[in-house]
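These notes concern the structure reproduced below.
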């Protein structure tokens with residue numbers, strides 16, 4: 001782990017406010033309208049071009065010296081170098097950006113080569129994702145959904161408190177923020193209908209989630225233990241698990257969600273490292289019953305990450321907040337999720353993505369999906385443009401933002417934002 | 001489509017018997033103990049090295065002339081060239097191998113460069129698999145399992161006759177035949193127990209399936225219609241969907257199978273093209289009720305592929321047959337599966353794999369899993385070594401074979417074979 005002093009500051013202008021101070025240094029993939037995808041790190045309103053930094057010889061004497069893993073269209077090569085290399089990279093980048101280091105600060109030519117305004121570049125999906133898994137680890141969310149469909153007394157399934165329930169998602173449809181989403185079509189069946197019908201989904205929802213990227217995988221038959229999990233996780237993003245509730249409801253028995261989810265998952269572009277998040281570890285919810293030993297976790301397994309979601313219809317001039325919740329509410333933490341995922345010997349790969357599941361908090365205004373916010377359509381919300389929503393309408397833009405609050409700085413995730421296009 | 005005359009024969013010795021006559025020409029990935037993975041085609045007991053054939057200029061005047069897609073560690077580059085290129089490749093390969101063509105037949109030097117005995121090479125996973133989806137398309141299998149767990153009257157879920165139920169599987173653990181499988185560990189809960197316990201699965205099962213590889217994918221929001229499906233499917237393999245029934249039973253509600261399946265899926269090494277299978281198309285089961293229009297299929301959607309599975313314990317000198325079934329029993333055909341999979345706009349990629357689901361036939365001796373063969377453990381089978389099985393024991397080898405019978409020849413899939421190693 002390499003934590004940067006909360007009091008540190010950078011010579012980069014406008015880098016002390018907002019999501020990307022020197023304490024953050026999240027990785028992403030960008031091009032500067034030159035079709036050359038490479039790794040960058042966000043600092044203030046800029047991207048630092050790490051491929052160019054490497055070419056300039058500034059990663060010498062690190063584990064990354066020989067191989068320019070930054071001149072790649074995804075983070076996978078960097079990831080595969082492992083925890084020690086990640087720490088060295090972070091250390092080197094922070095040294096270059098810290099206020100009193102003249103190497104970049106005073107070299108206008110070099111600085112002009114390696115610094116780009118974020119507003120002037122394109123960002124891309126940061127990782128070549130092998131497999132995408134989605135968990136279901138918020139007790140409040142599982143309880144809300146269970147109560148709606150099975151009643152309060154049977155809300156949680158018998159397995160829920162014993163293991164982090166999860167399922168395989170679809171990797172090919174994970175999109176970067178800004179890629180708009182077509183409303184899916186599919187089979188649905190009204191409760192009173194004799195037979196299903198085909199058409200555009202009428203119950204299009206979001207799920208406020210976060211995702212973690214596995215940096216390094218494991219071999220078949222060699223689980224990642226809960227103690228090792230931390231060293232395998234590279235970093236985190238915001239994640240919107242788009243859900244068509246009507247398609248999902250008809251199809252999901254007995255093998256789980258399929259086309260109700262597979263059309264799209266949106267993620268934020270900047271991968272915030274576990275190193276940057278280290279100061280924000282907190283106790284998670286008390287687990288009762290005690291998990292089996294392979295899931296046993298001592299210490300701070302949760303992270304204090306504030307999360308908000310917003311809606312903006314085409315008639316609205318600015319977004320309206322839908323909910324405010326926190327990543328720390330999750331019952332099962334990431335280390336438990338990863339230990340569980342591999343305990344059967346499943347081989348995971350560098351760059352695999354795991355979603356947290358919808359993150360709902362304990363209060364009504366901290367629910368993480370329209371299904372819960374509008375309680376199965378029974379409590380519609382009114383937008384500033386006067387229209388009502390139970391689920392999303394075409395033209396609605398959905399935004400999720402997240403950040404950690406440090407002393408005098410914040411570690412932000414930026415946002416994941418996408419607009420709903422009519423069914424094609 | 002390019003079908004090779006059933007009466008055609010090749011100059012390659014021993015190529016008229018067995019799985020790989022000139023009418024088959026399945027693709028695989030091999031190396032000749034030189035760490036150089038490339039594309040080959042199986043012909044009789046040999047592999048024809050297509051990378052070397054391309055280097056020799058023998059793919060000139062085809063869509064593949066400029067780019068040696070065969071000098072690659074997987075079939076994805078060939079796949080991405082599309083249906084017309086696949087047809088041209090098949091045509092060119094068959095021309096080179098047909099009995100009266102002297103180009104290779106009479107050129108000993110060239111022949112020695114491009115022909116390898118299969119027994120002298122290593123085969124590898126043929127495709128870089130993006131996503132793996134597994135369907136559940138055998139009515140007999142779904143009925144058997146449903147009857148066991150919910151009784152005869154509620155055997156099929158309400159959605160089953162209306163859509164090909166499927167779920168996302170895990171791509172990182174698809175292994176080639178010959179890779180042995182560790183018995184998974186995991187959480188299970190006995191019906192009478194108060195709490196779950198952790199240990200090696202005691203109910204390790206196979207599922208006799210086939211898989212199809214998507215050759216070319218689709219763009220987000222642009223479904224592959226049922227009429228287009230044929231041109232997107234590259235070919236098929238045998239598939240064993242390993243299943244730990246006790247882990248699956250405890251975890252699968254409500255999001256479907258996860259760790260009960262994710263540890264391993266085994267496939268056969270040679271991808272038999274849809275072109276080679278064209279002569280074996282037959283009518284599938286009558287579908288009642290009539291599927292919705294997007295799933296409507298006229299003509300022969302099924303394929304007559306004979307399938308058998310075998311067990312061999314460490315004490316047995318040869319395998320014993322467990323079951324004999326046929327791919328044609330599947331209720332939902334591949335074209336319907338693919339149309340359904342993409343109807344919501346899901347983007348699929350070149351090289352994605354779709355499993356059929358367990359293929360059980362209408363009779364007791366055509367069931368495709370130990371769960372069904374031994375009817376939930378109530379009808380154990382006795383092996384020639386005197387031991388009994390309800391599910392598999394450590395050291396058991398499980399083999400699936402498949403073939404189509406033509407007039408005077410057969411199109412074989414070879415086999416998928418793996419041994420069960422003790423839990424690690």
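The values are calculated or read from the model by the stated rules, or taken from the named source; none is laboratory data. All figures in this text were calculated on a predicted structure; none of them were measured in a lab. As a convention, Cβ positions derive from the backbone with ideal geometry for all residues, glycine included, and neighbour counts pool all protein chains shown.
Any residue at all in segment A:126-144 that is crowded, with 17+ Cβ neighbours inside 10 Å, more than 13 Å from chain B (Cβ to nearest Cβ), touching a strand residue (DSSP E or B) at 6+ places or on another chain (Cβ under 8 Å) and touching a residue at least 12 places away in the same chain (Cβ under 8 Å)? Yes, that holds for at least one residue. Of the helices (runs of 4 or more DSSP H) entirely within segment A:242-281, those holding at least 1 residues that are touching a strand residue (DSSP E or B) at 6+ places or on another chain (Cβ under 9 Å) and away from chain B (no Cβ under 12 Å) occupy A:245-251, A:274-277.
When residue A:351 is tested against (1) within 12 Å of chain B (Cβ to nearest Cβ); (2) surrounded by 24 or more Cβ atoms within 10 Å (Cβ to Cβ); (3) assigned to a helix (DSSP H, G or I), just one condition goes unmet, and that condition is (3). Is it the case that segment B:99-122 has a residue that's assigned to a loop (DSSP other than H, G, I, E, B) and either modelled with pLDDT under 95 or under 19 Å from the mean Cα position of the chain (by Cα) (or both)? Within segment B:99-122, not a single residue is assigned to a loop (DSSP other than H, G, I, E, B) and either modelled with pLDDT under 95 or under 19 Å from the mean Cα position of the chain (by Cα) (or both). Considering only residues that are touching a strand residue (DSSP E or B) at 6+ places or on another chain (Cβ under 7 Å) and under 16 Å from residue B:70 (Cα atoms), look in segment B:92-121 and name the one that is surrounded by the fewest Cβ atoms within 10 Å (Cβ to Cβ). The extreme case among them is B:115. Evaluate the following for residue A:321: is it assigned to a loop (DSSP other than H, G, I, E, B), in the same structural domain as residue A:287 (by TED's automatic domain parsing) and either surrounded by fewer than 22 Cβ atoms within 10 Å (Cβ to Cβ) or more than 16 Å from the chain's Cα centre (by Cα) (or both)? No, not satisfied. Restricted to segment B:406-421, and to residues there that are touching a strand residue (DSSP E or B) at 6+ places or on another chain (Cβ under 9 Å) and over 20 Å from residue B:201 (Cβ atoms), the residue that is surrounded by the fewest Cβ atoms within 10 Å (Cβ to Cβ) is B:410. Within segment B:177-209, the set of residues being buried (at least 20 other Cβ atoms within 10 Å of the Cβ) and more than 10 Å from chain A (Cβ to nearest Cβ) comprises B:177, B:188, B:203, B:204, B:205, B:206, B:207, B:208, B:209. When you go through (1) within 13 Å of chain A (Cβ to nearest Cβ); (2) under 19 Å from residue B:134 (Cα atoms); (3) touching a strand residue (DSSP E or B) at 6+ places or on another chain (Cβ under 7 Å) one by one for residue B:361, which number turns out not to apply? So residue B:361 meets the others, but not (1). Of all the listed residues (B:305, B:311), the sole one being under 17 Å from the mean Cα position of the chain (by Cα) and buried (at least 19 other Cβ atoms within 10 Å of the Cβ) is B:305.
Of the strands (runs of 3 or more DSSP E) lying entirely inside segment B:145-229, the ones with 2 or more residues being farther than 30 Å from residue B:86 by Cβ and in contact with a helix residue (DSSP H, G or I) (Cβ under 8 Å, 6 or more places away or on another chain) are found at B:185-188.
Of the residues contained in segment A:55-68, none is found to be at negative phi, surrounded by fewer than 24 Cβ atoms within 10 Å (Cβ to Cβ), in a strand (DSSP E or B) and not assigned by TED's automatic domain parsing to the domain that holds residue A:235. Only one of the listed residues (B:403, B:332) is within 30 Å of residue A:243 (Cβ to Cβ) and in contact with a strand residue (DSSP E or B) (Cβ under 8 Å, 6 or more places away or on another chain). That residue is B:332. When segment A:24-38 is filtered for residues that are crowded, with 24+ Cβ neighbours inside 10 Å and assigned to a loop (DSSP other than H, G, I, E, B), the ones remaining, listed by number, are A:24, A:25, A:26. You will find that of A:402, A:386, A:412, the residue that is over 22 Å from the mean Cα position of the chain (by Cα) and farther than 30 Å from residue A:150 by Cβ is A:386 and no other.
Taking residues in segment A:11-23 that are at positive phi, and partners anywhere that are surrounded by 20 or more Cβ atoms within 10 Å (Cβ to Cβ) and at pLDDT 95 or above, the pairs with Cβ atoms closer than 7 Å and at least 6 places apart or on different chains are A:14/A:44; A:18/A:44; A:18/A:412. Every residue in segment B:9-49 that is touching a strand residue (DSSP E or B) at 6+ places or on another chain (Cβ under 9 Å), farther than 21 Å from residue B:415 by Cα and modelled with pLDDT under 95, please. Across segment B:9-49, the qualifying residue is only B:13. The residue that is surrounded by the most Cβ atoms within 10 Å (Cβ to Cβ), among those in segment A:210-231 that are within 11 Å of chain B (Cβ to nearest Cβ) and under 21 Å from the mean Cα position of the chain (by Cα), is A:214.
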